[in-house]
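Inspection log for the structure reproduced underneath, given as structure tokens.
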Amino acid sequence: MKVIAMIPARYGATRFPGKLMADLGGKPVIVRTYEATVATELFDDVYVVTDSEIIKAEVEKFGGKAIMSIKEHECGSDRIAEAVEHLDVDIVVNVQGDEPFVKKEPLIKVLEVFKGNDAEQIDLASLMQEITDWKDITDPNYVKVIVDENDYALYFSRSPIPYPRDKEAGARYFEHIGVYAFRKQAILDFYRLPMRSLEATEKIECIRYLEYGKKIKMVETDFMGIEIDTPEDLIKAQQYLNK
């Protein structure tokens, strides 16, 4: 089974423009993410896929591999699908460019689902981590996910799900970590299917898979890293790097 990692990297970002080129301990965030992904030694190849000549040049300057997108894309999955369409690969792992502290153990867990008893049912797998701070649970920048008894995703939302009408009922809350492992056909299907209303409303791309009946297996992890969405997140990441 051939497994590669793709890191989509768009220069523009709504909340933090140019964040992937922000300095993190002497290297841009995107380079930190690339190097951390390579260091896991889980992949036959690792690529940054970008719309920016600046990002491409910076990745290559540090010895990395980068692919320029041909078309304009609304989301990272579309960008990856274009890049892998003609590659000989079985599983494609999407590592978010703003996750500079990618860990090996969670990636191993998400890849192992394709060897399990229900592997044939799985179109893609992704990660989630428990959150307990109500500030985070109610923060729309934290995408939440709920799952069934077999850990298949039921829905993703920027709102608190489930709604805490009874806080004593024992519900756990999970943040969706934007690392995906796709079967190649699943991501090509995503690329060809139009966005529907739920995805457009929430602005969460993985909802498209659910709307078209794809099966997403979720894997719980303790800590994946720090996602850099805001300048404040960059400060947290710098503090973590300096530990």
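Every read-out reported here was derived from the displayed coordinates using simple, explicitly stated rules and does not represent laboratory data. Since this is a predicted model, take the numbers as computed values, not measurements. All Cβ positions, even for glycine, are placed from backbone atoms using ideal geometry, and neighbour counts span all protein chains on display.
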Original post:
Could you give the nm distance between label points at L154 and Q129, where each point is 7 Å from its Cα heading toward the beta carbon?
Top reply: 2.4 nm
Original post:
Going down the list K115/K215; K2/K203; K104/K236, which pairs span over 24 Å between their C-alpha atoms?
Top reply: K2/K203
**OP:** Work through the residues other than Q239 whose Cβ is under 12 Å from its Cβ and net out their charges, Lys, Arg +1 and Asp, Glu -1.
**Re:** 0
**OP:** Provide Rg and Dmax in Å for segment 1-50, with only Cα atoms included in the calculation.
**Re:** 12.1, 38
Subject >> Amide hydrogen neighbours beyond the local backbone of F174, cut-off 5 Å, H modeled >> reply: I131, V145
Original post:
Expressed as a whole number of Å, what is the distance separating the alpha-carbon centroids of segment 48-86 and segment 99-142?
Top reply: 23 Å
Original post:
Of the listed peptides 117-124, 131-138, 187-194, 101-108, what is their order by residue-averaged count of other C-beta atoms within 10 Å, with the highest listed first?
Top reply: 101-108, 187-194, 117-124, 131-138
Subject >> Relative contact order, percent, the chain [alpha-carbon distance under 8 Å, six or more residues apart] >> reply: 23 percent
